[in-house]
Structure formats: C-alpha cells, structure tokens
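What follows is a short report on a single structure.
A short reminder: the numbers here are calculations on the coordinates, not readings from a lab. Bear in mind the structure is a predicted one, so any value in this text is a computation, not a measurement. Don't worry about glycine lacking a Cβ; one is built from the backbone with ideal geometry, like all the others, and counts go over all protein chains shown.
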Amino acid sequence: MKLFFRLIWILLTQSRRSRVGIMDSVSTPLRVLPNDLDIFMHVNNGVYLTYADLGRTDLMLRSGIFQMVRERGWYPVVAVANIQFRKSLTLGQRFFIHTQVVGWDERALYLEQTFTHGDTRVAVIYIEGRFLAKAGGKVTIQELLDCLGLDQPSPSLPEPIQRWIAARR
C-alpha cells in the first residue's frame, strides 16, 4: 500500500473509534500531504483510489469483518472501480471518506465511497468488490453473506450502480 504510514495510523487507532455494522457508513478522516499531489498541486487522480483503500480497510476493521475473513484465509479485491471527480483537494486540506456497503448481487459486493471536504462533495467512487481465498479460487457471495451473518436480501442498489452493472453485461 502506497500510503503505508496512514495505514499504520488506521490500524493503531481503530480500537478507539466506534464499532459499526457491515451496513453502516464509516467516515475516515484524512489530510492531504505533499506526496499526494501531482505537478498541478492537487491530489493526483490515482491517489484517490489509494485513499479509498484506507476507507475500506477502516470499514473492515471497525465492523469486525477483517478478522473474520482473515481467519478463513480470504482477502478482498477490487474487481471494478468507477470514480467521478467533482472538485479538487489541495495541500493541507482535511477531508473525509464515507464508505458504505450499498448492496450485492450474485457476483459481487458493491460499495460507495464519497469524499467530502466540509460540505463539499469532492468525489464518489463505486466499487465492485469480491473476495478470493489464499488457497485459490473465489469466495461466493453466499459464503461471504453467511460469514457476515447477513440473511437478508440486498438493499436496492443505487441507480448509478444499476446502470453500471447493466452496461457491462
């Protein structure tokens, strides 16, 4: 992970932050540092995806998912990501990543990650995530739902994700 020291910060401080359920939203605070910037002095587009990794890690740790999947020898992967930029982040700005599982289908788990600075929506990332087994092979959505204790149908996926899925099939 490129933002190694921030990952360590999330690992060290997660026990002091509130516990959440898998369907809850997690807000992860961060600040723009000099190594996050590109030549135009705003956050490089690729850095947003790395920031998003931190938000998903925060959700997994605070909801207890991290330990459950680790014990089973599973690990998460991003299959597809779609990002929409609205505003730029610049040096020193404090911002939040709001990460939430918004639903699932027979193939994947879907997350929405919204970046905010104050009341301004900076970017939104939609993630199609899956889990793989270290022993090889994919973890089915049903196996994942059973592990998470989710025996409910998926919430209705947001319209942007529905359009995105339809366009790829």
Subset of segment 91-104 [out of contact with any helix residue (DSSP H, G or I) (no Cβ under 6 Å at 6 or more places or on another chain), more than 16 Å from Gly129 (Cα to Cα) and not in a loop (DSSP other than H, G, I, E, B)]
Arg94, Phe95, Phe96, His98
Given the structure, is Gln100 under 12 Å from the mean Cα position of the chain (by Cα) and either within 27 Å of Ala167 (Cβ to Cβ) or among the hydrophobic types (A, V, I, L, M, F, W, C) (or both)?
yes
Out of (1) closer than 20 Å to Glu128 by Cα; (2) of a type in the set (Phe, Trp, Tyr); (3) in a loop (DSSP other than H, G, I, E, B), what's the single condition that is false for Tyr51?
(3)
Filter segment 44-81 for residues that are exposed (fewer than 13 other Cβ atoms within 10 Å of the Cβ) and of a type in the set (S, T, N, Q); which is nearest to Ile22 (Cα to Cα)?
Gln67
Being closer than 30 Å to Asp146 by Cβ, of a type outside the set (Phe, Trp, Tyr) and under 12 Å from the mean Cα position of the chain (by Cα) is the requirement here; does Met23 meet it?
no
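Just give me the residues in segment 112-155 being exposed (fewer than 13 other Cβ atoms within 10 Å of the Cβ) and assigned to a helix (DSSP H, G or I), in sequence order.
Across segment 112-155, the qualifying residues are Gln142, Asp146.
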Only residues in segment 29-51 that are at positive phi count as the first member; pair them with residues that are polar (S, T, N, Q), Cβ under 8 angstrom, at least 6 apart or cross-chain, and list the lot.
Met41/Thr90
Could you check Ser88 against (1) of a type in the set (Ser, Thr, Tyr); (2) out of contact with any Asp or Glu (no Cβ under 8 Å at 6 or more places or on another chain); (3) not in a loop (DSSP other than H, G, I, E, B) and say which number it fails?
(3)
Arg121 passes all but one of (1) of a type outside the set (A, V, I, L, M, F, W, C); (2) more than 28 Å from Arg31 (Cα to Cα); (3) in contact with a Lys or Arg (Cβ under 8 Å, 6 or more places away or on another chain); which number fails?
(2)
Of the criteria (1) farther than 30 Å from Asn45 by Cβ; (2) of a type outside the set (Val, Ile, Thr); (3) touching a helix residue (DSSP H, G or I) at 6+ places or on another chain (Cβ under 9 Å), which one Phe115 fails
(1)
Cβ-Cβ below 6 Å, separation at least six or inter-chain, first residue in segment 148-169 and of a type in the set (Ser, Thr, Tyr), second surrounded by 11 or more Cβ atoms within 10 Å (Cβ to Cβ): which pairs?
Ser154/Gly103; Ser154/Trp104
Taking segment 82-111 and keeping residues buried (at least 17 other Cβ atoms within 10 Å of the Cβ) and either within 19 Å of Cys147 (Cβ to Cβ) or hydroxyl-bearing (Ser, Thr, Tyr) (or both) leaves Thr99, Gln100, Val101, Val102, Gly103, Trp104, Ala108, Leu109, Tyr110, Leu111
